[in-house]
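Please treat every number below as a calculation from the coordinates, not as lab data. Quantities reported herein were computed from a predicted structural model and do not represent experimental measurements. FYI the Cβ positions are ideal-geometry reconstructions off the backbone, even for glycines, and counts take in every protein chain you see.
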Amino acid sequence: MLTINLFNGLVYGALLIVMCSGLALIYGLRRVVNFAHGSLYMLGAYLGYSISLHSNFWVALVAAPAIMALFGVLLDRYGFRLLQDRDPLTVVLVTFGLLLVIEDLVQTTWGKSNLSVPVPEALAFSVDLFGTPVPAYRLSVIVIGLMVALGLSLWLRFSKVGLFVRAASTDPVTTSMQGVNTDFLSAGVVGLGTALAGLAGVVAAPFLSLSPAMSSDVIIDSFVVVVIGGLGSLAGAFIAALVLGMVQAIGAVYLPDAAVLLPFVFMIGILIWKPSGFAGSRT
């Protein structure tokens, strides 16, 4: 029982890595707290559902994030770029309004009923893990989460564009003075962050039911992860996502009545110990 719960906690932590990477990237460069990020995750899941109906899951895994990336570029151009220098309350109201618009769009297009995406046949089997059978698809979710974490880390650390992203997240004015087109860079980063939210939605679709309420189920945990990890810090978000997944898994076994509160208790404890989070506010 504990093994299964720990495994499921690791799966959820890996999903949060994909989800929160986009949230941390967007905040790190645009300094916009995107309350609509959960609805972007939901929209990606529904797009993946529709695409998989007309083709297959693997096409949806590529096509849905690509569509979301384009949407993210438009969102930056006509939304986040205008919000960058506004007061936090305005940002909260606009992004919360965007959340409501996307939720209404999803309900109008796909309805309010729960939907599901079948597990792809190639992964529809179980694997023995320390004597306990676990679904192969959930193992693949862990692999995807680790690949995203590794890929983003290598990109930010060793690529020229990654260097520009880290510089712009620290001092956008000086970076712009050095000849970097920070608006173009930010559009790309928001597009990538939105694509990652869409990817998380597609990946979650085969083992979590799709509903218009699914955005609220994940956005709270996502913000807990980003705050614990350090606003704008990818490395901190990776660590916090895995830790939070395990905390929830252990809480579900030993403290089932208080499992919902554990992420908040954990967040309060971390912020008392280190207000800047695990890794501060660096990208």
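Between residue 271 and residue 53, full extension at 0.36 nm per residue minus the direct alpha carbon distance yields a gain of 74.0 nm. Against the chain, whose longest principal axis comes from its Cα atoms, helix 234-254 is set at around 30 degrees. Considering Cα pairs under 8 angstrom that are at least six residues apart, work out the relative contact order of the range 22-212 and quote it in whole percent. In percent, rounded to a whole number, it is 46.
Distance between the 7 Å Cα→Cβ label points at residue 125 and residue 184: 4.8 nm.
Each of 81, 86 has some number of other Cβ atoms within 10 Å of its Cβ, and from fewest to most they run 86, 81. Pop the C-beta distance of residue 87 and residue 4 into the FRET formula with R0 = 51 Å and round what comes out to the nearest 0.05. Working from the Cβ atoms, E equals 0.65. Over the residues of the chain, the helix contribution to mean residue ellipticity at 222 nm works out to -24000 deg cm²/dmol, using -39500 (n - 2.57) for each DSSP H run of at least 4. In order along the range 79-88, phi translates into HN-Hα couplings of x, 5, 4, 7, 8, 4, 9, 7, 6, x Hz, rounded to whole numbers, per the Karplus curve 6.51 cos²θ - 1.76 cosθ + 1.60 with θ = phi - 60° and x for Gly and Pro.
For the Cα atoms of the chain, what angle does the longest principal axis make with the long axis of helix 160-170, in degrees from 0 to 90, nearest 10? The helix 160-170 is inclined about 70 degrees to the chain. From the residues 264, 187, 254, which one has its Cα farthest along the dipole of the chain in the positive direction, the dipole being from +1 and -1 charges on Cβ of Lys/Arg and Asp/Glu about the Cα centre? Of 264, 187, 254, it is 187. Against the chain, whose longest principal axis is taken from its Cα atoms, helix 57-75 shows a tilt of about 30°. The packing ranking, built from the mean of other Cβ atoms within 10 Å per residue, places the peptides 54-62, 250-258, 180-188 in the order 180-188, 54-62, 250-258, highest first. Between residue 127 and 134, 136, the built amide H atoms are under 5 Å apart, and every one of these is 5 or more places off in sequence or on another chain. For the range 22-212, the spread of Cα coordinates along the three principal axes comes to 55, 40, 28 Å, biggest extent given first.
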